[in-house]
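All of the numbers you see were taken from the coordinates with simple rules; none came from a lab. Remember, predicted model here, so these are calculated numbers, not experimental data. Don't worry about glycine lacking a Cβ; one is built from the backbone with ideal geometry, like all the others, and counts go over all protein chains shown.
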Amino acid sequence: MRPRSNGADSEVGRLRAVLLHRPGPELKRLTPRNNDALLFDGIPWVDRAQEEHDAFAETLRNHDVEVLYLRELLVETLRLEAARQLCIDAVLTDARLGDTLRAALRAHLGGLHPEDLAYVLIAGLAHEEFSAGRGLGYVLMDRYDFVIDPLPNLLFTRDSSVWVGDRVAVSSLAMPARRRETSLTAAIYAHHPRFEGVDAIYTPELETLEGGDVLLMAPGVVAVGTGERTTPAGVERLARNVLGSGLARTVLAVPVAQDRATMHLDTVCTMVDADAVVMYPNVVDELHAFAIRLAEGDLVVSSPAPFVELAAEAMGIDELRIIDTGLDPVTAEREQWDDGNNTLAVAPRLAVAYERNVETNVRLEAAGIEVLRIPGSELGTGRGGPRCMSCPIARDSLDLND
Ligand SMILES: NC(=O)NCCC[C@H](N)C(=O)O
């Protein structure tokens, strides 16, 4: 494998740098009243969630992966006026505010130190915390509501940006509770010196597309799930952009059921080797795909065919191995819900997984995959595993002989 700077062309090339977000005060905003709207299935014990996340980061560091924290990059980015404006404007576009409250908020945010501004942008601002609040929007706001909504899902850095080759796709998030996340990632990629000279291949105002749906199957082959989050139009737009710029030769559109349990393609399928995936057994037979290629400037879409067959053909391999987790349907369903299929490859045949998915992990090991187990009982209340919680910034380029 050849080392590279920023960028990734596969799911399994040696991981060099990753973007994480250590969950913080934004998780303390979750209550039984708002957790559904904020896309959490429970109320996490925040201190324990942080310990679990620290264990995740430590596991990666122990394997020589550079861990970049989104909050730290954001604070550094917010020293620049253009970045501050981008993030503040995203807050102020909220139509609930009204002009009077908006003006008060603009004045308040404009005066904050980068550290404090980052805090508010991530943790939100509760009604009672904003003593300078005024206007009808403020007066009639429920005292438990937020002037600025918190971003508890920022933890799932996979979804708000994804690298394809040396370009970054700042995604377009589907759910209202997450949309503002991309103002932060867009500001970081546009203004942080670490990413100087990086071009965007996708931007948040485009059709909805989330990073959890994007799988770099092999250099030149990108699979994109379409279901609850990424629309067919989003897949088409990404395909046009990556095929048009030569970053890929085939994009596979993969319809996934529009359910919470399968919100992204990476909830049912992740890569653990250059030619192997771990896949939720209950969908193996039904997962189909459409191959999209560019011919004389136009997108050409194939007829549907089984995903594993179409992927193998596009990847130029005889077979895409499916690690047979061999589970009975009920265990499979339980472990899929708890992100058993959502692994993060650190290198070919070396992957991070939640320890709680005991059966899936045993099967992965039986298939020759070394599993780095991490705790995730609290983190999992947000319904995301190691892949969801990580955005690879740099992976070595994959050589299929590795
Ligand atoms: N790639 C992923 O599957 N990310 C998990 C996102 C979970 C988050 N609570 C959400 O509903 O968007």
Quiz item: If you wrap the stretch 95-148's Cα atoms in a convex hull and average its projection over all directions, what's the area in nm²?
Solution: 3.4
Practice problem: Take the Cα coordinates of the stretch 146-278, assign each an equal point scatterer, and use the Debye formula without solvent to give log10 I(q)/I(0) at q = 0.15, 0.16, 0.20, 0.23 Å⁻¹. | Solution: -0.69, -0.79, -1.20, -1.49
Quiz prompt | Convex hull volume per residue for the stretch 330-402, taking Cα atoms only, in Å³ | solution = 89
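Could you list the square roots of 5 times each eigenvalue of the Cα gyration tensor of the stretch 41-96, that is, the equivalent ellipsoid semi-axes, sorted largest first and rounded to whole Å?
Values: eigenvalues 177, 78, 11 Å².
Equivalent ellipsoid of the stretch 41-96: 30, 20, 7 Å, largest first.
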Exercise. Search the structure for amide H atoms under 5 Å from the amide H of T325, placed 1.01 Å from N in the peptide plane, and list their residues when 5 or more places away or on another chain.
Key: M279
Quiz item: Which ³J(HN,Hα) values, rounded to whole Hz and listed in residue order, are derived for the stretch 227-234 from phi using the Karplus coefficients 6.51, -1.76 and 1.60 in 6.51 cos²θ - 1.76 cosθ + 1.60 with θ = phi - 60°, glycine and proline given as x?
Solution: x, 4, 10, 8, 8, x, 5, x
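Quick one: putting +1 on the C-beta of Lys and Arg, -1 on the C-beta of Asp and Glu, what dipole do you get for the chain around its Cα centre, in Debye to the nearest 20? Intermediate values should be presented prior to the final figure.
Details: 39 positive and 62 negative charges, 228 e Å.
Using Cβ point charges on Lys, Arg, Asp and Glu, the chain gives about 1100 debye.
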Quiz item: In terms of modelled amide H atoms, which long-range or inter-chain residues lie less than 5 Å from the amide H of S397?
Solution: R2, R4
Quiz item: Among N282, A261, M271, which residue has its Cα positioned farthest towards the positive end of the charge dipole of the stretch 250-305, with +1 placed on the Cβ of Lys and Arg, -1 on the Cβ of Asp and Glu, and the dipole taken about the Cα centre?
Solution: A261
Exercise. Grab the Cα-Cα distance for A366 and H113, subtract it from 0.36 nm times how many residues apart they are, and report the gain in nm with one decimal.
Key: 85.9 nm
Practice problem: Can you put F156, F130 in order of Cβ neighbours within 10 angstrom, beginning with the fewest? | Solution: F130, F156
Quiz item: So, by mean Cβ neighbours within 10 angstrom, what's the order for 378-385, 31-38 with the highest one leading?
Solution: 378-385, 31-38
Quiz item: If the viscosity is 1.567 mPa s and the temperature 4 °C, what Stokes-Einstein diffusion coefficient in µm²/s follows for the chain when Rh is the Kirkwood radius over Cα pairs?
Solution: 61
Quiz item: If you bin every alpha carbon distance in the stretch 111-204 into 5 Å steps from zero, what whole percent lands in each bin?
Solution: 3, 12, 19, 19, 17, 14, 8, 5, 3, 1
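Add -39500 (n - 2.57) for each DSSP H run of 4 or more in the chain, then divide by its residues: what number comes out at 222 nm, to the nearest 500 deg cm²/dmol? Don't jump to the answer; show the numbers that get you there.
Numbers: 13 runs with 122 residues, N = 402.
Calculated mean residue ellipticity at 222 nm is -8500 deg cm²/dmol.
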